[in-house]
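Report on the following structure.
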Amino acid sequence: MIAFIKGTVSDLLDDSVILENQGMGYRIFTSSSVLAALSAGDSVTLHTHLNVREDAMQLYGFLTRDDLEVFRQLITVSGIGPKAGIAILSVMTGNDLRYAIMAGDSKSISKAPGVGAKTAQKVILELKDKLKVEDMLNTSEEPEIVSNTGNTELINEAVLALAALGYSQTDAMRAVRQCSIAEGMSVEELLKLALKQMLK
């Protein structure tokens with residue numbers, strides 16, 4: 001089994017990323033939030049799940065091991081396949097899902113494309129004892145992304161600052177990547193721009 005792949009982003013597709021490693025290009029399906037956090041040329045580590053079907057072998061990848069574990073728990077639910085699991089993690093983070101399950105909030109889960117109210121209720125019923133809010137205490141893992149823009153240290157500091165304010169690492173990375181970074185920009189200036197992105 002392939003536990004993770006570390007490589008360079010070669011291309012970004014609508015539903016997947018092409019990650020180049022030692023001359024080979026791996027197509028890894030992932031959530032829209034992960035795709036938004038990446039840019040071509042980035043060096044990144046994706047934690048992967050290999051889904052084997054009769055007609056295909058597909059890799060699904062995530063920025064943290066916790067997101068991968070949440071995905072694996074999701075696809076154990078009756079009626080939730082890899083595509084639906086990715087759809088759910090595209091509209092909410094793993095921790096958001098934990099909160100939704102704790103609160104019995106099927107409406108938030110059913111916002112995912114292709115996931116109806118009944119399926120969302122199944123997610124809550126079948127995962128309420130598996131995905132707990134207490135698990136968030138052990139999810140301090142940081143995504144491994146090295147930007148190709150030359151501003152890696154600045155970006156990482158801004159992402160950590162947003163995470164300290166309570167935002168998820170993935171949402172923080174997405175917001176920072178949407179900012180226009182000027183030469184000589186300080187962390188404080190980038191943080192202000194990123195916060196504006198988060199509030200849109």
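The values are calculated or read from the model by the stated rules, or taken from the named source; none is laboratory data. For clarity, every value in this text was computed on a predicted model and none was experimentally measured. Counting neighbours? That spans all protein chains shown, and the Cβs are built from the backbone with ideal geometry, glycine included.
Annotations for the structure displayed:
- In region 45-65, residue farthest from C179 (Cα to Cα) [restricted to those that are modelled with pLDDT of 95 or more and of a type in the set (A, V, I, L, M)]: L50
- Residues satisfying the stated conditions in region 118-154, i.e. at pLDDT below 80 and among the β-branched types (V, I, T): V133, T139, I145, V146, T149, T152
- The residue of region 114-130 that is surrounded by the fewest Cβ atoms within 10 Å (Cβ to Cβ), among those that are of a type in the set (G, A, S) and in a helix (DSSP H, G or I), is A117.
- Residues of region 168-184 that are over 17 Å from S90 (Cβ atoms) and either buried (at least 16 other Cβ atoms within 10 Å of the Cβ) or acidic (D, E) (or both): V176, C179, I181, E183.
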